[in-house]
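Working notes, beginning with the structure itself.
The values are calculated or read from the model by the stated rules, or taken from the named source; none is laboratory data. No experiment lies behind these values; they were computed from the predicted model shown. Because the Cβ atoms are built from the backbone with ideal geometry, glycine has one as well, and the counts that use them run over all protein chains shown.
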Amino acid sequence: MRRLIGCLFLFLMLAGSFSLPAQKKQETPAAIKPGEIWPDTDGKHINAHGGGILFHKGTYYWFGEHKTAGRGGNSTLFGVGSYSSKDLTSWKNEGIVLKVEQQDTTSEIIKGCVIERPKVVYNAKTKKFVMWFHLELKGKGYEAARTGVATSDSPTGPFTYLKSYRPNAGVWPINVPVSLKEKQVDETNLKWWTPEWTKEVQDGLFIRRDFAQGQMARDMTVFVDDDGKAYHIHSSEENLTLHISELSDDYLSFTGKWSVLAPAGHNEAPAICKRNGKYYMITSGCTGWDPNAARSFVAESIMGPWKALGNPCVGEGANLTFESQSTYLLPVQGKKDAFIFMADRWHPKNPIDGRYVWLPLQFEDDKPVLKWQDSWDLSVFDQKAKEKKASTRKDKAALR
Ligand code: DGJ
């Protein structure tokens, strides 16, 4: 009997060692489940909202708003959170990498301020990690409309806060006629949202208003182009117009070269990627924490002109971006033209419970397309590549 049990034990051990669980794991990437709780490696729901992702030396770093529980959870009590991952599905909490001040009430980032949509880029010249974010000063609602910057020597921080801006003070955009700089407008009977008012916004009404002190900067992202130049893209002019501003070589300030995108178009939540030499942007409308229909744009040059391509979402839920709002377009490393649309499903009553809606960004006739999926994994990008190869082969054969 003893012998029999021994043999059985040996058999089970051998069977176990031949089942190759590790190998299987590598072949099938883990699933991404949009809108569900996403546990980190400690089993806690990821807390990095309105975020962006930096890929550096083989690791992805996800930076985002660290929210707290309950109604007040949108104001920043701790700072910017970060997670790291090798595979985009399993995320390790790296803690708060930009801490807000707990004591010094003169600091612009005192506990209770609002830090939104942090984005980190790496500057190869200075070897610094540069974090930009939308900053609202404590107790001032959303009126400050500033953009803040912090740096670190390491992607996992600590980041040191440097300063905040209302960008482009005293500089006119490159794509609005300079003649409009001196335009005088009688605003007494000019009502918001009328066609006359829209025309005035397009003609620089708010750019002139904020010319001396700098332009408003709310929802934002940062994009580094192939030539290493970086651009800061933000909702400005009372969230009516997007501004695209070139950053200095060290990525810490504005060069003064900037352009407007969709004047009076009321866009928030800009997210951008580059594919086949063209720039694609996905934005949202402006309805606070409530979702609305996404918009998309394409341009040959980052400074424009940008062409509107309409709502990239299709299918059920498309008119509300599947109950989410864009935050970042993430290039998947090692896969050509593979981008993930990252978005937030906000829960303003309990912000810490906000969910992440990640979907593969597809292109149909050179237009970005987003389709809802309950569950998907990174192998979709390999399938797409295979399909593309097969259809090119077919086209070539048909020509012969
Ligand atoms: C929508 C923005 O996209 C969010 O980042 C946040 O600022 C909310 N508005 C605040 O209502």
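Assorted remarks:
- Members of the stretch 185-233 that are of a type in the set (A, V, I, L, M), assigned to a loop (DSSP other than H, G, I, E, B) and touching an Asp or Glu at 6+ places or on another chain (Cβ under 7 Å): V185, L190, M216
- Leading residue by the ranking (nearest to M220 (Cα to Cα)) among those in the stretch 57-71 that are surrounded by fewer than 18 Cβ atoms within 10 Å (Cβ to Cβ) and out of contact with any helix residue (DSSP H, G or I) (no Cβ under 9 Å at 6 or more places or on another chain): T59
- Test result for G317, of a type in the set (G, A, S) and at positive phi: yes
- Of the criteria (1) at pLDDT 95 or above; (2) more than 23 Å from Y356 (Cα to Cα); (3) among the polar types (S, T, N, Q), which one S17 fails: (1)
- Scanning the stretch 267-301 for residues that are away from the ligand (no atom under 16 Å from the Cβ) and either buried (at least 20 other Cβ atoms within 10 Å of the Cβ) or more than 22 Å from A217 (Cβ to Cβ) (or both) yields C273, K274, R275, N276, G277, K278, Y279, Y280, S296, F297, V298, E300.
- Qualifying residue in the stretch 93-105 (condition: within 16 Å of the ligand (Cβ to nearest atom) and either at pLDDT below 95 or not in a strand (DSSP E or B) (or both)): no
- Test for G214: is it closer than 30 Å to Y122 by Cα, among the small types (G, A, S) and away from the ligand (no atom under 16 Å from the Cβ): yes
- Strands (runs of 3 or more DSSP E) enclosed by the stretch 117-184 - at least 3 residues per element that are within 16 Å of the ligand (Cβ to nearest atom): 128-136, 146-152
- Residue match in the stretch 305-321 (condition: assigned to a strand (DSSP E or B), more than 16 Å from the ligand (Cβ to nearest atom), under 21 Å from F381 (Cα atoms) and in contact (Cβ under 8 Å) with a residue 40 or more places away in the chain): yes
- Looking across the stretch 219-266 at every residue that is in contact with a Ser or Thr (Cβ under 6 Å, 6 or more places away or on another chain) and charged (D, E, K, R), the one that is nearest to the ligand (Cβ to nearest atom) is identified as D219.
- Filter result (assigned to a loop (DSSP other than H, G, I, E, B) and farther than 21 Å from H45 by Cβ) within the stretch 322-345: V332, Q333, G334, K335, K336, D337, A338
- Spans of strands (runs of 3 or more DSSP E) in the stretch 234-288 with at least 3 residues aliphatic (A, V, I, L, M) and under 22 Å from D210 (Cβ atoms): 241-247
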